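Trainee: Submitted below is the structure of interest, expressed as structure tokens.
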Amino acid sequence: MSDAMAETGMDFVYDAGLKKIDEQLKSAEALDTKMGVLVAFLGALIAGLLAALLASDTTKVRTLISARITQVGFAATAILFAGDLYFAFQAFRMRRLYSGVRFQDLVSWADEDLQDTKRAFVPTLIRAVNMNEQALKVKQQNALRAVWLVFVTLLVLLAVTISIGVELLKHSGG
């Protein structure tokens, strides 16, 4: 194999490793953004529910809250909200992702041939890609759990809202 072919191959491998790491970092950033939006949505939902409760007629609210189904629904919603936030923050929490070759490590190679330097650091890139894959997998699993729990939370909240509506209709009709 000629030196020109080996150099081209090494450039390709090295650049592909850096590109993969860049994609991983962007993926982590995108997940963090999505989890930030999810947490903001949950915060707005909680604030909206509290505002609605505080603006309501207290005697009606007390009657509605005393209904067993409403109490169970609110308790389930609170537990699900806590789970939503837990998994969203777990996904959002910074896991150490590796950006590839550390600049400090490259300084000692400043006078070396570029191809030799790339060849020496390919194993470092491979380790970084593999470690990032694991960290991203955990991050994605927590994000998926958070999203599913939000879905379940909203379904429970819908059921509670329907039961409150039914109770309101009973009390207004009788």
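Derivation of every value follows stated rules applied to the coordinates shown; laboratory data play no part. All of these numbers come straight from a predicted model, not from anything done at the bench. With ideal geometry, Cβ positions are generated from the backbone for all residues, glycine too; neighbour counts draw on all protein chains shown.
Trainee: Within straight cross-link reach of K139, meaning Cα distance under 18 Å, which aspartates and glutamates are found once same-chain residues fewer than 8 apart are removed?
Mentor: Those aspartates and glutamates meeting the cut-off are D22, E23, E29, D32, D84.
Trainee: Here's a follow-up. Do the sum for the chain: with -39,500 (n - 2.57) for every DSSP H run of n ≥ 4, divided by all residues, what is the mean residue ellipticity at 222 nm, to the nearest 500 deg cm²/dmol?
Mentor: Counting only the DSSP helices, I get -31500 deg cm²/dmol.
Trainee: How high is the relative contact order of segment 3-173, in percent, counting Cα pairs under 8 Å that sit 6 or more residues apart?
Mentor: Relative contact order comes out at 40 percent.
Trainee: Now for a different question. Need one number: nm distance between label points at S56 and A110, each 7 Å from Cα along Cα→Cβ, rounded to one decimal.
Mentor: Output for this residue pair reads 6.9 nm.
Trainee: Once whole DSSP H runs in the chain are found, which of them have Cα atoms spread over 24 Å or more along the helix axis and a mean Kyte-Doolittle score of at least 0.5?
Mentor: Numbers: long enough: 3-55 (77 Å, 0.72); 68-92 (36 Å, 1.08); 114-173 (85 Å, 0.61).
Once both thresholds are applied, what remains is 3-55, 68-92, 114-173.
Trainee: Using r as the Cβ-Cβ distance of L25 and V147, and R0 as 22 Å, what FRET efficiency do you calculate, to the nearest 0.05?
Mentor: Working from the Cβ atoms, E equals 0.50.
Trainee: Give me M131, M35 sorted ascending by neighbouring Cβ count inside 10 Å, so fewest comes first.
Mentor: Numbers: M131 15, M35 22.
Lowest count first: M131, M35.
Trainee: From the square roots a ≥ b ≥ c of the eigenvalues of the alpha-carbon gyration tensor of the chain, which class results: rounded (a/c under 1.5), prolate (a/b over b/c), or oblate? Before the final figure, lay out each step's value.
Mentor: Working: a/c = 5.42, a/b = 4.44, b/c = 1.22.
Cα axes put the chain in the prolate bin.
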